[in-house]
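Computed from the coordinates by the stated procedures, all read-outs in this text should not be read as laboratory data. Predicted model, so just to flag it, every value in this text is computed and none were measured. Cβ atoms come from the backbone with ideal geometry, glycine included; neighbour counts cover every protein chain shown.
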Amino acid sequence: MFDVEEQEQELKDKVVYINRVAKVVKGGRRFSFSALVVAGDGQGRAGMAMGKAHEVPEAIRKGVEKAKKNMVEVPISEGATIPHEVLGKCGAAKVLLKPASPGTGVIAGGAVRAVMEVAGINNVLGKALGSNNPNNVAKATFDALANLTTKEKVAKIRGRHPDEREG
């Protein structure tokens with residue numbers, strides 16, 4: 001039980017986007033907020049979620065709680081980058097991620113940058129193509145990260161040793 005609490009304390013979270021929506025009622029407008037939040041441990045685990053409430057802090061809190069439950073594993077190769085180039089899609093949003101050499105940093109904007117930073121990927125080139133809707137860009141980034149594979153996984157699928165060459 002203590003390990004779980006200790007692990008939750010080292011999780012980082014970032015608010016990607018806050019949206020205010022209005023419901024028109026007889027007495028005027030009722031405002032509500034939705035917050036898109038990403039959370040991660042900085043060592044290859046990340047999650048995202050949307051929290052909705054009548055106040056911004058409560059929406060953020062709900063989003064963080066859901067993001068902690070929706071964590072996925074992300075393969076990180078040497079140099080704190082991704083193993084290979086990958087394209088993720090969600091709706092009209094596409095996200096292109098390319099590995100970068102150590103010292104490059106996270107060259108990406110908005111939702112892509114937030115996801116990379118909480119996942120612990122420090123050297124990557126990212127580009128959001130198509131739609132710039134933060135929700136779909138974040139989902140497309142997670143789709144790209146889900147499509148990543150390591151040399152060891154591919155070797156296991158093929159029934160070979162990771163260092164064995166084809167040919």
Original post:
So, how do all the Cα-to-Cα distances of the stretch 74-153 break down into 5 Å bins, in percent, from 0 on up?
Top reply: 3, 19, 31, 26, 14, 6, 1
**OP:** List the GluC sites (Glu not before Pro) within the stretch 22-82 that fall in a DSSP loop (any state other than H, G, I, E or B) and whose Cβ has at most 10 other Cβ atoms within 10 Å.
**Re:** Glu78
**OP:** Determine the sum of side-chain charges near Val72: Lys and Arg each +1, Asp and Glu each -1, restricted to other residues whose C-beta is under 14 angstrom from that of Val72.
**Re:** +2
**OP:** Go through the stretch 118-167 and name the GluC sites (Glu not before Pro) that are in a DSSP coil and have 11 or fewer other Cβ atoms within 10 Å of their Cβ.
**Re:** Glu164, Glu166
**OP:** Please report, in debye to the nearest 20, how large the charge dipole of the stretch 74-153 is about its Cα centre when each Lys and Arg carries +1 at its beta carbon and each Asp and Glu carries -1 there.
**Re:** 220 debye
Original post:
Which whole-number percent is the relative contact order of the chain (Cα, under 8 Å, 6+ apart)?
Top reply: 19 percent
Original post:
Under a GNM of the chain (C-alpha, springs under 10 Å), which listed residue has the highest mean-square fluctuation: Lys127, Lys12, Lys151?
Top reply: Lys151
Original post:
Ile76's amide H: which non-local residues (gap 5+, or another chain) put their own amide H closer than 5 Å, with H modeled 1.01 Å from N in plane and none for Pro or chain starts?
Top reply: none
Subject >> Debye log10 I(q)/I(0) at q = 0.09, 0.19 Å⁻¹ for the chain, Cα point scatterers >> reply: -0.36, -1.17
Original post:
Where a Cα-Cα gap under 30 Å defines reach, which lysines qualify for Lys98, not counting those fewer than 8 residues away within the same chain?
Top reply: Lys12, Lys14, Lys66, Lys68, Lys69, Lys89, Lys127, Lys139, Lys151, Lys153, Lys156
Original post:
With axes computed from alpha carbons, what is the tilt in degrees of helix 110-119 against the longest principal axis of the chain, rounded to the nearest 10 within 0 to 90?
Top reply: 60 degrees
Original post:
So how strong a dipole does the chain carry about its Cα centre when Lys and Arg Cβ are +1 and Asp and Glu Cβ are -1, to the nearest 20 debye?
Top reply: 1120 debye
